[in-house]
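**Student:** Mind having a look at this structure? Questions to follow.
Every number here is computed from the coordinates shown, using simple stated rules; none is lab data. Computed from a prediction, not measured in an experiment: that's the story for all the values here. Cβ sites come from the backbone with ideal geometry, for glycine too, and all protein chains shown count toward neighbours.
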Amino acid sequence: MARKRNYPVTVWLDEKELVLLKDKVSKTYFCRSDYIRKCSLGKNITVVPGIRDLIIEFKRIGSSLDKITRSVNCGTSTVVGDNLKSIKEDLKTVWAKLARVMKKL
């Protein structure tokens, strides 16, 4: 598959600038290349505190749901009450975290 972007751009930074860039990138969900591209093209970058933790939680819950669904569809599991109860509690926790994040905005 061919690259979508074919033109590399090299930027030289001193140590302080590199540390600052790494710090800013770490507060987003972008990779360094995406972050620099968005900054240089004048796009707004909004950092939502706590969003990374929420994304991790949602992925974990989604993975649990996927495992349960596969298990039920394969016929290896028919009782999912405990699993669903656990996921329901996890979702309550994530929604509470989301509410806290939204209040910070």
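**Student:** How big is the charge dipole of the chain about its Cα centre, in debye rounded to the nearest 20, if each Lys and Arg gets +1 on its Cβ and each Asp and Glu gets -1 on its Cβ? Provide the component values of the computation, followed by the final result.
**Tutor:** Working: 23 positive and 11 negative charges, 66 e Å.
In debye, rounded to 20, the chain gives about 320.
**Student:** Here is a further query. Using a Förster radius of 30 Å, what is the FRET efficiency between ILE68 and THR93 based on their Cβ-Cβ separation? Nearest 0.05, please. If you can, show how the numbers build up before the last one.
**Tutor:** Values: r = 18 Å, r/R0 = 0.60.
That pair, ILE68 with THR93, gives E of 0.95.
**Student:** Let me ask another. Report the one residue of ILE68, LEU41, THR93 whose Cα lies farthest in the direction of the positive end of the charge dipole of the chain (charges on C-beta: Lys and Arg +1, Asp and Glu -1; origin at the Cα centre).
**Tutor:** LEU41
**Student:** Compute the length gained on full extension between LEU20 and ASP82: take 0.36 nm times their separation in residues and subtract their Cα-Cα distance, giving the result in nm to one decimal.
**Tutor:** On the way: separation 62, 0.36 × 62 = 22.32 nm, distance 4.61 nm.
Result: 17.7 nm gained on full extension.
**Student:** Next up: Among the listed pairs LYS16/LYS43; LYS43/LYS92; LYS16/LYS103; LYS67/LYS103, which have their C-alpha atoms separated by more than 27 angstrom in this model?
**Tutor:** LYS43/LYS92; LYS16/LYS103; LYS67/LYS103
**Student:** Where a Cα-Cα gap under 16 Å defines reach, which aspartates and glutamates qualify for LYS22, not counting those fewer than 8 residues away within the same chain?
**Tutor:** Of all the aspartates and glutamates, those that pass the test against LYS22 - Cα under 16 Å, at least 8 places apart if same chain - are ASP14, ASP34.
**Student:** Hey, another quick one. If you take the beta carbon distance between LEU41 and VAL101 as r and set R0 to 35 Å, what does 1/(1 + (r/R0)^6) give as a FRET efficiency, to the nearest 0.05? Don't skip to the answer; put the middle values down first.
**Tutor:** Values: r = 27 Å, r/R0 = 0.76.
Approximately 0.85, to the nearest 0.05.
**Student:** Normalised by the number of residues in the chain, what is the relative contact order in percent for Cα pairs under 8 Å and 6+ residues apart?
**Tutor:** Working: 34 pairs, mean separation 26.6, N = 105.
With pairs under 8 Å counted, the relative contact order is 25 percent.
**Student:** Here's a follow-up. For THR10 and ARG60 in one chain, what is 0.36 nm times their gap in residues minus the Cα-Cα distance, to one decimal in nm? All intermediate terms of the calculation are to be shown ahead of the outcome.
**Tutor:** Numbers: separation 50, 0.36 × 50 = 18.00 nm, distance 3.67 nm.
Working it through step by step, the gained length comes to 14.3 nm.
**Student:** When the chain is modelled as a GNM with alpha-carbon springs shorter than 10 Å, which of VAL47, VAL19, VAL11 fluctuates the most?
**Tutor:** It is VAL11.
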